[in-house]
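Notes to accompany the following structure.
Please treat every number below as a calculation from the coordinates, not as lab data. Just so we're clear, the structure is a prediction, and the values are computed from it rather than from any experiment. Please note: Cβ atoms are built from the backbone with ideal geometry, for glycine as well, and neighbour counts cover all protein chains shown.
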Amino acid sequence: MKTMEAIMTHVKSKPKKKLLSMRRKEELQGYLFLSPWLIGFVCLTAGPMLFSLYGSFTNYDVTSKMDFIGLDNYIRMFTNDDLFWISLWNTIYYVLFSVPLTTVGAIVLALLLNQGVPGMRLYRTIFYLPAVLSGVGVYLLWMQLLAPSTGLVNHFLGLFGIEGPAWLTDPAWTKNALIFMKMWSVGGSMLLYLASLQGVPKSLYEAAEIDGANAIQRFFHITLPMITPVIFFDIVTSLIYGFQIFQEAYVMSDNGDGGPVNSLLFYNLHMWNKAFEVFDMGYAMALSWVLFVVVLILTLINLKLAPRWVHYEGGDES
Amino acid sequence: MKKALSSLVAIVLVFMIFLTGCGNLIGASTESEQRKDGRVQIDFWSFWGSETRRPVIEKIVDDFNKSQDKIFVKYTFIPFGDIWTKELAAVAAGNPPDVVISDLGKLKHRAQKNQVENLGPYVKNDPSIKDRFLPQAWEAVLYNNEPYALPFNLDTYMLFYNKDLFKEAGLDPDKPPKTWDEALEYSHKLDKKNGNKYERIGFYPLWDAGPDIWMVNADGEPYFDKNDKSMIADPENAEALKWIKKFNEKYGLNTIDAFKGEFGQKQSEPFISQKVAMYVKNTTFYTQIRDYGKGMNFGVAPLPERKPGSGHYSWSSGFVAEIPKGSKHVKEAYEFIKYLTDVEAQTYWGAKLFDNVANKHANDKILAQLSGEAKMVYQAAVDNLKLSVMQNMPIKAPDYDKFINPELDQALRGSKPPEKALQDAQAAVLKQMAGQ
Amino acid sequence: MSSFTQPKHSYFQSVRLRKKWMNVLISLLLIAGSILILTPVWWMISTSLKSMQEITRFPPTIIPEEFHFENYINTWKSAPFTLYTLNTLFITTFAVIGSVLSNSLIAYGFAKIRFRGKKVLFAVVLSTMMIPGFVTLIPQYVLFSKLGWLNTALPLIVPPFFGSAFYIFLLRQFFMGIPHEMIEAAKIDGASHFTIWRRIAVPLAKPAIATVAIFAFNSAWNDFQGPLLYLNDEVLYTLQIGLQIFKGEAATQWNYLMAGSLLVLLPVIILFFIFQRYFIEGANITAGIKG
């Protein structure tokens, strides 16, 4: 902040004309750097987004009609759709547990994989593996692993004398099974933390060690602040994507209908059913914009709170 | 030096990929509708891409292409499920394919939404065509009395039972259970327990079958009648649920959940691994027994009936060949689907793949070609089709099952009395229908 | 003198000993974790080597009774997988190049250049992630259809050149870590932002850029929905679509499906194993400059 003021006063003393042109030049460069995104947004992304916003106020069914019906879809959602509330609750439950668990899991894993232990390249590859193993095949594999009496998960729990549940058939356990599955594949975010840990100067640790700081102190005073930008990124994006969980539930419940007893009916699954099973696309679009608002608010709160705990080496946002 | 070399290799590699890609992926010919030979090209999409099905459909397409010189059919495989999302997008964009294999159960809905061509005008010139199909299959393609597709294949659910295990339990292997009570009684004899753990389940009505099959079986009536009037809360349906619940109570939910969990991913097959003595499955299940069952001794029977004389009704569904709205060659496409549902093609399909087809004459011909066990199963299926009822999708609540299934789950898990669950389900569906 | 150094020597020794034990502990943890991770993978390998007869059996066998290595050859021969590989490689190459180039430029713009409306624009960038793809699928498809891009790879390889919110956000976080003074100094030396981006920002964020490259590779390589929607001709199909043929209507060919999935996975793993060194190299550069 101080340097900013210094620069500003420094700049103020210069002739006004030059200042303007300098600022304009900087701005111009900014837009130039952004231009790929701006072009893509205007030409490819904005259109479909606005279309879906308009569609949410219509009875659009893709093929036969698109009449303006005002707020009807939104009113129906809040007053006449029990599945909306169920699916919202299921999704919030999932996000509430999976986001913190996967964040902490990924950080711990990245720390472990950032040690000078022999065979590290191999370990990193192994732990990254689940992030690459994606798609329907993996979910089916998990159904096998989570099988109540022959599945390896319950076998493993059995070693400790714990009788594992019927993960995917007992409605009380289905969401936990999915969260568990997500934990297995934290390899993707682990990679981000690993990349970010490389940016922590070794000299900082050396200095701290000389000052007599122990490993825990070093973690909380050096490592953690240095990786806050990535933690922030991880939380914001996993929140956004967490609310959009879909495929796991679609594959792992009978006929993709979110059973047993709607316990896997996530928000997006409900939306999918509305959009592509019954072609109630206008309603699905309304659902998606409600989700949009919810996630946007949460993200804006995150962005507002960020300056309090996210530490950027390069100085704060200008 | 090393760096220069590796970057050179990288450049060459990218260049090569670019060349191969350019030919195909960027400069891809936008479908020439008029082919060089003057034939009209028909785009035909289906999800038949497996090693067994693909050669059969390709042979049929090939035969058709050779049989005349006006139309050329181009076959494209598109994965199951996603094929219909893609079809919808293509219809919306106004450049759909000309023929798609699609789900029969929701055809009415697609017709109402203007996604498929009305074939009425073509069928009018061709009034005899409906005589080739099984009556319930033809019935199912009608919406407002106009046909919107031609039915292709059907399946039907039957009782498969293990004759060896019958003998072992002291039961007559030629006398499968006739009624619900008998099925329950047999199941006791066929169970195998080790301590209080079940090693083998004598019979469980569900797993591959849904409770809806048993509610159809109870009285031969689907959830909705022809006028979309709800019959969900009929007393016979409650009886079906109560009967299934008896099995849940007998085995315990833990056992049921465990077995379902074991076999839910459809790798291990409980009937073939002799973990289940009686099993409700559709016709093509026979091919799995044939291929992986190592000569297991099994029998097929109609589903047991609610009480003597109530009827061994079963449930059936199938696929149709439809012409998406906006196809540029409806007339030619109709010619092709007519061929697809004619005796020759249907016989070839059914006999090769052991699949019940919609063409009734073909089913007879297929029977003549089969022998032994295969003939026995196919005959049973053809007979069973006569007792099979299709679910009727109410136009105002196409997602009726989303309201019914969670209630059924609750009834079967014992957290709601069956009558109450069915009434709640019916109320939810009616609310949906009124809201539309 | 000696009485003074003695305790210090043993202190360092104990530190070294502690470090050694620490390393053993970490190794044990990593081995345990690896086993946990690899069991599902073992299932895939084991299933891929079984016959279908063996797969239908219950309880499932952990080690195949007979090893059917020919499954891999049969899998490859079941469909034109060589062609699919080339197609996938083509799309993936462009997706990676596009993602790395565009996103690093855009992210630099957001992180290090001052201009009006930045915060709002950044929120708009993030908001593009928040609309579920289902509801934009149809209009997007219609748009590409109007552009005449259907049945070509363009809908798959052009959008990466326009950047994507996830990568923009990610790289922005890393660029934010570059000290302002460094950039101001370069500016005083007369460097344009483009030069700073090329000479300072990108080299400093190498680990992050490698991460974006890896992510972009994976998502393009594993993309199923995109190719499925936009490619109509089977000669244009990608590996992920090709794998679907094993999911039969009556019964899935698990052995081939797993063999195919593993074959498709292999290049990704090899690439990751090799490209890892960028993390380590990146570390040296950063530490070197900052330290």
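Rounded, prolate or oblate: pick one for segment C:1-155, where a ≥ b ≥ c are the square roots of the eigenvalues of its C-alpha gyration tensor, a/c under 1.5 means rounded, and failing that, prolate if a/b is larger than b/c, else oblate. Oblate. Once C-alpha pairs closer than 8 Å and six or more residues apart are averaged by separation and normalised to the residue number of chain B, the relative contact order reads 23 percent. Relative to one another, the C-alpha centroids of segment A:19-82 and segment B:315-392 are positioned 47 Å apart. Of the two radii for segment B:248-313, the radius of gyration is 1.02 times the Kirkwood radius, both from the alpha carbons; that is the Rg over Rh value. Going Cα to Cα from A:Lys304, which aspartates and glutamates come in below 14 Å? Please leave out same-chain ones fewer than 8 positions away. Once the sequence-local aspartates and glutamates are set aside, what remains near A:Lys304 is A:Asp316, A:Glu317. Extents of segment B:278-436, largest first, come to 52, 50, 32 Å (Cα atoms, principal axes, whole angstrom). Between helix B:2-21 and chain B there is an angle of about 90 degrees, using the helix long axis and the longest principal axis of the Cα atoms.
Annotation: amide H-H contacts under 5 Å for B:Phe224 (H modelled 1.01 Å from N, sequence separation of 5 or more, or interchain): B:Met231, B:Asn392. Backbone amide hydrogens, once placed in the peptide plane, bring B:Phe152 within less than 5 Å of B:Phe319, B:Val320, B:Ala321, excluding anything fewer than 5 places away on its chain.
The angle between the Cα long axis of helix B:180-190 and the main principal axis of chain B comes to about 80°, on a 0 to 90 degree scale.
What helices does chain A hold that run 24 Å or longer along their axis, going by alpha-carbon atoms, with a Kyte-Doolittle average of -1.0 or more, using DSSP H for the helix calls? Please list the in-between numbers first.
Details: long enough: A:16-40 (36 Å, -0.37); A:82-112 (45 Å, 1.58); A:224-242 (25 Å, 1.63); A:281-309 (41 Å, 1.58).
Counting only whole DSSP H runs, the qualifying helices are A:16-40, A:82-112, A:224-242, A:281-309.
Just checking the listed ones, C:Lys247, C:Lys146, C:Lys206: in the Gaussian network model of chain C with Cα springs under 10 Å, the one fluctuating most is C:Lys146.
Each peptide in B:320-333, B:294-307, B:170-183 receives the mean, over its residues, of other Cβ atoms within 10 Å, and ordering these scores from highest gives B:320-333, B:294-307, B:170-183. Taking amide H as placed 1.01 Å from N in the peptide plane, the amide H of B:Gly311 sits under 5 Å from that of B:Arg306, each at least 5 places away or on another chain. Listed by chain and number, the lysines placed with their C-alpha closer than 16 angstrom to that of B:Lys70 are B:Lys36, B:Lys328, B:Lys331, B:Lys338; residues fewer than eight positions away on the same chain are left out.
Counting Cβ atoms of other protein chains within 10 Å of each Cβ in A:258-270 and taking the mean gives 3. In percent, rounded to a whole number, the relative contact order of chain C is 28, using alpha-carbon pairs under 8 Å and six or more apart. What is the Rg over Rh value, at two decimals, for segment A:123-234, using alpha-carbon atoms and the Kirkwood definition of Rh? Dividing the radius of gyration by the Kirkwood radius yields 1.14.
Among the residues of A:111-118, the average count of other protein chain beta-carbon atoms within 10 Å of the residue beta-carbon is 4.
The ratio of the alpha-carbon radius of gyration of segment B:148-256 to the globular-protein estimate 2.2 N^0.38 Å is 1.28.
What does the C-alpha gyration tensor say about the overall shape of the protein assembly as shown? Classify as rounded when a/c is under 1.5, otherwise prolate if a/b is larger than b/c, or oblate. It is prolate, given that a/c is not under 1.5 and a/b is the larger ratio.
Just check segment A:73-309 against the gyration tensor rule for me: Cα atoms, a ≥ b ≥ c as the square roots of the eigenvalues, rounded for a/c under 1.5, and otherwise prolate or oblate depending on whether a/b exceeds b/c. It comes out oblate by the Cα gyration axes.
Which semi-axes, in whole Å and largest first, does the equivalent ellipsoid of chain C have when worked out from the alpha carbon gyration tensor as the square roots of 5 times its eigenvalues? Walk me through the numbers on the way to the answer.
Values: eigenvalues 348, 254, 44 Å².
Equivalent-ellipsoid dimensions as semi-axes: 42, 36, 15 Å.
For segment C:79-246, state the semi-axes of the equivalent ellipsoid (square roots of 5 times the eigenvalues of the alpha-carbon gyration tensor), sorted largest first and rounded to whole angstrom. Walk me through the numbers before you get to the answer.
Details: eigenvalues 245, 66, 32 Å².
After diagonalising the Cα gyration tensor, the semi-axes are 35, 18, 13 Å.
For segment B:331-412, the residue among B:Trp349, B:Ala362, B:Gln391 whose Cα projects farthest onto the positive side of the dipole built from Cβ charges is B:Ala362. Peptides B:93-100, C:66-73, A:28-35 ranked from most to least packed give B:93-100, A:28-35, C:66-73, packing being the mean of other C-beta atoms within 10 angstrom over each peptide's residues.
So how strong a dipole does chain B carry about its Cα centre when Lys and Arg Cβ are +1 and Asp and Glu Cβ are -1, to the nearest 20 debye?
Here the size comes out at about 840 debye.
Note on chain A: dipole from Cβ charges, positive end direction compared against A:Phe292, A:Pro36, A:Gly258; the farthest Cα belongs to A:Pro36.
Scalar couplings 3J(HN,Hα) for segment B:68-81, obtained by applying the Karplus form with A = 6.51, B = -1.76, C = 1.60 to θ = phi - 60°, are 8, 10, 9, 10, 10, 9, 10, 8, 10, 8, 9, x, 3, x Hz; x denotes Gly and Pro. Inter-label distance, C:Phe67 to A:Leu159: 2.5 nm, where each label sits 7 Å from its Cα along the C-beta direction. By DSSP, what percent of the beta bridges with both residues in chain B are antiparallel, rounded to the nearest 5? Antiparallel bridges make up about 65 percent of those DSSP assigns within chain B.
So what is the relative contact order of chain A, in percent, for Cα pairs below 8 Å that sit 6 or more residues apart? Please list the in-between numbers first.
Values: 301 pairs, mean separation 82.1, N = 318.
Computed value for chain A: 26 percent relative contact order.
Rg and Dmax over the alpha-carbon atoms of segment B:93-216 stand at 22.4, 69 Å. D by Stokes-Einstein for chain B, Kirkwood Rh over Cα pairs, 10 °C, 1.306 mPa s: 66 µm²/s.
I'd like the mean, over residues of B:283-292, of how many other protein chain beta carbons sit within 10 Å of each residue's own Cβ.
Details: counts 1, 4, 2, 1, 3, 4, 1, 0, 5, 8.
The shielding value for this peptide is 3.
For the listed peptides C:213-223, B:193-203, a ranking on the average number of other beta carbons within 10 Å per residue, highest first, reads C:213-223, B:193-203.
Rounding to the nearest 20 debye, state how big the charge dipole of the protein assembly as shown is about its Cα centre with +1 on each Lys and Arg Cβ and -1 on each Asp and Glu Cβ. Mind dumping the intermediate values first?
Details: 99 positive and 92 negative charges, 920 e Å.
In debye, rounded to 20, the protein assembly as shown gives about 4420.
The HN-Hα couplings worked out from phi for segment B:403-420 by the Karplus form 6.51 cos²θ - 1.76 cosθ + 1.60 (θ = phi - 60°) are 8, 7, 4, x, 5, 4, 3, 5, 4, 6, 8, x, 8, 8, x, x, 4, 5 Hz, whole numbers, x standing for Gly and Pro. So how tilted is helix B:360-369 from the main axis of chain B? Cα-based, degrees 0 to 90, rounded to 10. In chain B, helix B:360-369 runs at an angle near 80 degrees to the longest axis. Between segment C:184-218 and segment B:84-134, the alpha-carbon centres lie 55 Å apart.
Would you list the membrane-span-like helices of chain C, meaning whole DSSP H runs whose alpha-carbon atoms span at least 18 Å along their axis and whose mean Kyte-Doolittle value is at least 0.0? Going by DSSP H runs, the hits are C:2-48, C:81-112, C:133-146, C:206-222, C:254-275, C:277-290.
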